[in-house]
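Only one structure is covered here, and it is reproduced in the block below.
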Amino acid sequence: MAVALSRRIRTAVGGDALGGTYYRLLTVHTGFTVFTTLPSVFINTFLMSQTSDMNVVMVYNCLSFYGTAVGMFFSAAAVHRFHSGVVSVLGILGYNLLYFELILFNAQAAQYVFLLGITNGLAGAFYWISYNQLFTEFTNLNNRDSGLAIVSIMSAIVNVIIPLIAGTVISWVGGLAGYNVIFGLAFVIALITAVGAIRLPKPKTNTFGVHHKQAFQFAFQHKAILWGLISEGCKGLREGAFCFILSILLYRLVKSEMLVGFNTFLSSAASIVSFLIISKRIQGHNRIKFMEVAVFSLLAFAVVSVFVINPVILILFTVVNAFFSGFIVNSAFSTFLDAIQAFPDSNNLRPELFAQNELYLATGRCFGIFVIMLIDHFSNSDVTMQAVSLVILTLTQIATVFACKHTMRLIKQVPDARCRQ
């Protein structure tokens, strides 16, 4: 009966074409999502509650993004040298160090924002490069959109449950003690996840060492990969800020961790519906159509928020953003992975290309955050002007759609690209 139920679920989410190794990776990554989601929504409000300065949150996130980007140039060498599961465990241990630091610094955590941001970034560098390597290995050009959507569905399910529980715990226990309970629980779950990660199948890799210069040359010589990187950078302009800005704006208006948790619950429920559609409907040939619908829908709602901004509108915006942003984020990343896999010579350079991708993505993310910081500074933290900044960042996604469209056009020009696994 359990096997039959599992098959029905796989069919319902469009996962019949994915193998057993993919689902083992999915299990481990879901554990990762649980232990990172527990505190991640509230690290921003934790820092905000200590300083009431949104710039502290911005700096923390920028350091995290660029810490991951720079760290990947080192973790790429580790992927070449070791089992990808080992590299992911190093990342998980890095996250444990972050939670230990948060518990240790407690009420003074905001004073150590540079250390916290860098620790988070370096932990991500080791986990995400190994995840990207394994995900690319365990999926192919024909089932990648479904595979990525199913990962997102599981993440959304976690986001439905965990932030609401975490917000309730923080509010119930109260103050710093509530945050410490969440950070401690995340620490324990991370250790359990590390055990599963080390047991993942070892993908086919080379041990010829890391060659970043060769990878940069390869990307510039193969325009499909270069435009795929550009699309990821453009995507980051909006994605980085929208990871946290709506929750922070909501927290500014109504200082309640429980409401932030409820807000995340609603948005994650919307994400589940969105990713179910993606897993069943989106493939390479129709990605752009869905991306265009998503961009203009998000833009319309961003414009509305300029004229009417209050807690209800921010919650609605969060839900709308959760539903439509997956059409952009997943499609752009799938397009980049397709570009890499279209060229067999890229196999030995995948870790280096993932590092480049993270660099482009982090640059876009930090630039988008800089736009918000600039507008926040010159408007004296006016909430309406923050809404204007959200419109500006959403407009940049027109460039993401263009870059993805051009990438896919270039992939089609590669002989037999769609046949390569």
Of those in segment 26-40 that are under 14 Å from the mean Cα position of the chain (by Cα) and surrounded by 24 or more Cβ atoms within 10 Å (Cβ to Cβ), the residue modelled with the lowest pLDDT is THR36
Quick count over segment 266-294, residues being part of a helix (DSSP H, G or I) and either among the polar types (S, T, N, Q) or over 16 Å from PHE324 (Cα atoms) (or both), is 8
Result of the Cβ filter at 9 Å on segment 48-74, keeping first residues that are more than 20 Å from LEU229 (Cα to Cα) and partners that are of a type in the set (Phe, Trp, Tyr) and surrounded by fewer than 18 Cβ atoms within 10 Å (Cβ to Cβ), at least 6 apart or interchain, is MET58/PHE370; VAL59/PHE114; TYR60/PHE114; LEU63/PHE114
Residues of segment 295-306 being in contact with a helix residue (DSSP H, G or I) (Cβ under 7 Å, 6 or more places away or on another chain) and either assigned to a loop (DSSP other than H, G, I, E, B) or without any contact (Cβ under 8 Å) to a residue 40 or more places away in the chain (or both), in sequence order, are SER297, PHE301
Checked TYR66, TYR99 against criteria (part of a helix (DSSP H, G or I) and closer than 20 Å to THR193 by Cα); the one match is TYR99
Residue set GLY167, GLY147; condition farther than 30 Å from LYS255 by Cβ, touching a Phe, Trp or Tyr at 6+ places or on another chain (Cβ under 8 Å) and crowded, with 23+ Cβ neighbours inside 10 Å; output residue GLY147
Of ILE313, ILE309, the only residue that is of a type outside the set (Gly, Ala, Ser), part of a helix (DSSP H, G or I) and at pLDDT below 90 is ILE313
The helices (runs of 4 or more DSSP H) lying entirely within segment 164-257 that contain at least 1 residues which are within 20 Å of the chain's Cα centre (by Cα) are 175-198, 223-242, 245-253
Filter segment 134-144 for residues that are surrounded by fewer than 22 Cβ atoms within 10 Å (Cβ to Cβ) and not aromatic (Phe, Trp, Tyr); the one that is nearest to the chain's Cα centre (by Cα) is THR136
Flagged in segment 273-316 as of a type in the set (A, V, I, L, M), under 19 Å from MET154 (Cβ atoms) and crowded, with 22+ Cβ neighbours inside 10 Å, in numbering order, are ILE278, ILE282
The residue from VAL89, VAL173, VAL181, VAL188 that alone is buried (at least 19 other Cβ atoms within 10 Å of the Cβ) and not hydroxyl-bearing (Ser, Thr, Tyr) is VAL89
Pairs returned, first residue in segment 133-145 that is of a type outside the set (Lys, Arg), second residue that is surrounded by fewer than 19 Cβ atoms within 10 Å (Cβ to Cβ) and assigned to a helix (DSSP H, G or I), beta-carbon separation under 7 angstrom, 6 or more apart or interchain, are PHE138/THR21; LEU141/ARG418
LEU122 vs. criteria surrounded by fewer than 17 Cβ atoms within 10 Å (Cβ to Cβ), closer than 30 Å to ASN55 by Cβ, modelled with pLDDT of 85 or more and aliphatic (A, V, I, L, M):
no
The lone condition PHE82 fails out of (1) surrounded by fewer than 24 Cβ atoms within 10 Å (Cβ to Cβ); (2) under 12 Å from ILE129 (Cβ atoms); (3) in contact (Cβ under 8 Å) with a residue 24 or more places away in the chain is (3)
When restricted to ASN357, ASN330, ASN347, ASN380, the only residue surrounded by fewer than 19 Cβ atoms within 10 Å (Cβ to Cβ), of a type in the set (S, T, N, Q) and assigned to a helix (DSSP H, G or I) is ASN347
The residue from SER84, SER75 that alone is among the hydroxyl-bearing types (Ser, Thr, Tyr) and under 30 Å from PHE370 (Cβ atoms) is SER75
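The values are calculated or read from the model by the stated rules, or taken from the named source; none is laboratory data. All values reported here derive from a predicted model rather than from experimental measurement. Heads up, the Cβs are rebuilt from the backbone with ideal geometry, glycines too, and the neighbour counts pull from every protein chain shown.
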